[in-house]
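Please treat every number below as a calculation from the coordinates, not as lab data. Since this is a predicted model, take the numbers as computed values, not measurements. Ideal geometry is used to build each Cβ from the backbone, glycine not excepted, and the neighbour counts take in all protein chains shown.
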2 protein chains.
Amino acid sequence: MNGNGLAPDTRTHLIRAFERIVGPEGVISSPDELRVYDCDALTFFHRCPPDVVVLPTSTSQVAEIVRRCYEFGVPFLPRGAGTGLSGGATPRAGGVMIVLTRMTRILDLDLANRMATVEAGCVNLWLTKAVECHGLFYAPDPASQAACTIGGNVAENAGGPHCLKYGVTTNHVLGATVVLPDGEVVRLGGKVSDSPGCDLLGVFTGAEGTLGICTEVTVRLLPQPEAVKTILAIFRTIEDACSAVSGVIARGIIPVAMEMLDRETITAVEANVKAGYPLDAGAVLLIELDGPRGEIEAEAVGVEAVCREQGCLDVRVAQTEEERALLWKGRKEAAGSFGRIAHHYYLQDAVVPRTKLAQVLREIEEIGARYRVKIANVAHAGDGNVHPMICVDRDVPGCEERAIQAGSEIMRRCIELGGTVTGEHGIGLEKREYLRLMYSPADLAVMHRVRGVFDPAGLCNPGKIFPDEDGPAGAEHSARHASAVSAG
Amino acid sequence: MNGNGLAPDTRTHLIRAFERIVGPEGVISSPDELRVYDCDALTFFHRCPPDVVVLPTSTSQVAEIVRRCYEFGVPFLPRGAGTGLSGGATPRAGGVMIVLTRMTRILDLDLANRMATVEAGCVNLWLTKAVECHGLFYAPDPASQAACTIGGNVAENAGGPHCLKYGVTTNHVLGATVVLPDGEVVRLGGKVSDSPGCDLLGVFTGAEGTLGICTEVTVRLLPQPEAVKTILAIFRTIEDACSAVSGVIARGIIPVAMEMLDRETITAVEANVKAGYPLDAGAVLLIELDGPRGEIEAEAVGVEAVCREQGCLDVRVAQTEEERALLWKGRKEAAGSFGRIAHHYYLQDAVVPRTKLAQVLREIEEIGARYRVKIANVAHAGDGNVHPMICVDRDVPGCEERAIQAGSEIMRRCIELGGTVTGEHGIGLEKREYLRLMYSPADLAVMHRVRGVFDPAGLCNPGKIFPDEDGPAGAEHSARHASAVSAG
């Protein structure tokens, strides 16, 4: 599949125009090179290369590129590092892809007001590296933080383990320079925390690139904590671990992170990373506290007491920075480790109220058994954000379909339990149909009309988020397709 | 001035219809009684009673009332306690006022997930009172918290002294039941923190009742801190106090509150409350820390060190709950105390980046001198949120006009310094024209199109926020009018 059938003349004309704007080295148009851009980190369901890729180096270049697309009625979409997990940076049906990875500068460090302004292609971790000598850091830390861009984080409203205490991307974005879908450049938000009128910055953040292209972002920086303490709590069962999660919060302690790994994941991690997670545990919690030394010492005592009340087998505190790094390496490479065993797996993302965590994890296990697929779980447990990893053996006929069906059933249960179908990965191409389960037609119509305000022509990353836009795609469609196949 | 000239037949028909919906005791239609509703706490610039007031007791009643208005093309607006300071709950030109003060119930306390669902008319402080026995509190604490409603807080995205650490209303709202301007009922957000798709809850919060009427709100509850410490730091000059504010934050300490009162305000407070603020100080800072006891002891040492580095005259720590309450009484009654001296004053609200605080306060003093009006200042200094109180002597010809002009010039300077024209009071009727200084026509057009998505007929609280909607009103208009008068 290639593109949306752009007329060859239009394509040639656009390529020439883009070369004039960004120089020939900033335009990619050969089929082989375009293949690289046919999906993001969601490799299931749908692949489609763009008709042309452009790599601008400034906001004004982005605006010029968008204006050309607008004039020709050609769809376009932004892309950062392509680490997204719901297809947000995968073309629905070709068009122009605007890749922001050449816009990587830190434009302004305002240390007194604790803010930084960066170009959208600045890698998340680079910002923290650039400000750590000033005793500061940028809080949102998605697992892909060494690769993903801050512009992409804004598009997806990215989270990460440390968002339990610090909040997700939208809580740290103060302003954004945005190229609207007609090429107009606007500035949303500002350097102070309250902007009167409609909260357009809030709407834009997490809109998955459907409202325009963010080219510069002003974010809040936080002071590094005085001390950090990382605890591994070992449990016989997932239920005990979940009770400890609620217990810690109920005691008034908000850890920076409270991550859960189940037995399947522990096995995979130990086979790969050797993080020191015990193989006979039913689940482990990785709990991190930060703040003034005295405070976290007291909190650590509280955390241990709660874990023991919930019948934990052991509580270990990292004694050195090396031990701490190793515990985190286990968590951060959990998905990769599972991938080594499973070869292929379908990484899901959903949220339930924290008190429903044990129930949903038990049901996920039952769903796995029913569809005969192995499911491992990691969870940002403090947030109720589960990440089931559904094993797919592509050599076994029907396995992929069963995995997708299992994923779909998990989504439905999370909604029924009062949760949502994404905590941080977004809707993208993958989860559009599930929105019908969460929102009434009236709710969805209002949202889609908001999209129309920014993009009346429907050219900016079309076919994402909204189930009725541009035909079905994604997991729900594939699941229904799979049912039809297996029924036939 | 009365109403928008509703045809008598229409008015009579609506009153009958409303009486059938809410009962006769829930409808107010006599001119004398309607006078009570001709303005909110912004008593300047514009007064206009509604044509009829309705007091519903349920979401479905609100929806029925709104449907009647929609059918007849009659404008309507919501109102809570009427404590707003920018005219958000004042009719622009009559119509139907829907007052939510009979919808006061706490519908659900979900202690395990630390959430409460309340009706929109629930008074802010009642919620904290209702949950304090469970060791919880509701964080946003506007000065009017003993009277204002949570629905009104959502409309205005209300702040308060303690928002420095805890954030404003939008950071605590998880979901809302909203009657759209055509009478349809939607639920925005949910019980988990991430809702996929457009962040409609974020847009709704702070939209000043122009997108629909919120009838139920789900909010986050926080655990009460283990300990609280309240410090009064006394400074020779405003500049020293402002340097201390930046210095505390730069040291990595985020107090719950960091309030500044200048000499004029101190004088007024001491004449009224006798809070123990020294009359010879140039400014005082009221700094509150909360958290684990050990942590705040350490932070208090840090705060005192910073204040002494900035040349403070004295640092006093409240030793008892009575002393603490008295220090806060001084701050909370500052505006009222100034009112006792000034009889009339114009309370302004603007924000600058924290590092510009000293500069803007110096300029406010100069502006006061130039326009020959006395200006006292209180500030949520940690947020850069200034509240100049401009004295108005209505017996002196031209004084009111000069006060408005001075206010207008303060707004312009705050914008030029990178700030905004409201930190928490909203735009309402008062500040519509200033938005033109902050936003491009394209920015404003996008915002207004978002309003159109929710309210295509333009019936829901019309004439607020947007400068081009329904003719000029408010401070900027009055200031220009005053100029014209004085020039003539």
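Rounded to the nearest 20 debye, the dipole magnitude of region B:343-385 is 120 debye, with +1 charges on Lys and Arg beta carbons, -1 on Asp and Glu beta carbons, and the Cα centre as origin.
Note that region B:374-381 has calculated 3J(HN,Hα) couplings of 6, 10, 9, 10, 10, 8, 6, 4 Hz, one per residue in order, obtained from phi through the Karplus relation 6.51 cos²θ - 1.76 cosθ + 1.60 (θ = phi - 60°); glycine and proline are x. In region B:227-416, taking the dipole from charged Cβ atoms about the Cα centre, the farthest positive-side position among B:235, B:326, B:377 is held by B:377. About the centre of its Cα atoms, region B:298-429 shows a dipole size close to 240 debye [charges on the beta carbon of Lys, Arg (+1) and Asp, Glu (-1) only; nearest 20 debye]. Taking amide hydrogens as placed 1.01 Å from N in the peptide plane, the amide H of residue B:254 sits under 5 Å from that of no residue at least 5 positions away in sequence or on another chain.
In the protein assembly as shown, taking the dipole from charged Cβ atoms about the Cα centre, the farthest positive-side position among A:166, B:283, B:425 is held by B:425.
Residues whose amide H comes within less than 5 Å of that of residue B:107, counting only those at least five positions distant or on another chain, are B:117, B:118, B:119 (H built at 1.01 Å from N in the peptide plane).
A simple spin-label model places pseudo-atoms 7 Å from Cα toward Cβ; at residue B:25 and residue A:304 they are separated by 6.1 nm. Within the shell defined by Cβ-Cβ distances under 12 Å, the residues around residue B:140 carry a net charge of -1, with Lys and Arg each +1 and Asp and Glu each -1. Note on A:200-207: average number of Cβ atoms from other chains within 10 Å of each residue's Cβ is 5. Going down the list A:229/A:274; A:129/A:332; B:165/B:431; A:129/A:431; A:274/A:332, which pairs span over 23 Å between their C-alpha atoms? Over 23 Å Cα-Cα: B:165/B:431; A:129/A:431. Averaging the sequence gap over all C-alpha pairs within less than 8 Å and six or more residues apart, then dividing by the number of residues, gives chain B a relative contact order of 14 percent. Exposure proxy shown here: for B:29, B:60, the number of other Cβ atoms within 10 Å sets the order, fewest to most, as B:60, B:29. Using only alpha carbons, the protein assembly as shown has a radius of gyration to Kirkwood radius ratio (Rg to Rh) of 0.97.
The ranking of B:39, A:122 from fewest to most other beta carbons within 10 Å of each one's beta carbon is B:39, A:122. Here the residues A:279, A:221, A:125, ranked from fewest to most Cβ neighbours within 10 Å of their Cβ, fall in the order A:279, A:125, A:221. Dipole magnitude for the protein assembly as shown: computed about the Cα centre from +1 point charges on Lys and Arg Cβ and -1 point charges on Asp and Glu Cβ, it is near 540 debye. Measure out, as a whole number of angstrom, how far apart the alpha-carbon centroids of region A:29-63 and region A:290-318 sit. So the two Cα centres are separated by 47 Å.
Placing dummy labels 7 Å off each Cα toward the beta-carbon, the span from residue A:271 to residue B:146 is 6.6 nm. Shape call for region B:142-211 from the C-alpha gyration tensor, a ≥ b ≥ c root eigenvalues: rounded (a/c under 1.5), prolate (a/b greater than b/c) or oblate? It comes out oblate by the Cα gyration axes.
Mind running the shape call on chain A? Use the C-alpha gyration tensor, a ≥ b ≥ c as the square roots of the eigenvalues: rounded below 1.5 for a/c, prolate if a/b tops b/c, oblate otherwise. Judged from the Cα gyration tensor, chain A comes out oblate (a/c at least 1.5, b/c at or above a/b). For region B:8-99, the residue among B:57, B:74, B:17 whose Cα projects farthest onto the positive side of the dipole built from Cβ charges is B:74. Quick check on region B:268-339: take the gyration tensor over C-alpha atoms, sort the square-rooted eigenvalues as a ≥ b ≥ c, and tell me if it's rounded (a/c under 1.5), prolate or oblate. Here region B:268-339 falls in the oblate category. Residue by residue along A:441-449, Cβ atoms of other protein chains within 10 Å of the local Cβ number 5 on average.
Take every pair of alpha-carbon atoms less than 8 Å apart whose residues are at least six positions apart; their mean separation over the length of region A:377-425 yields a relative contact order of 20 percent.
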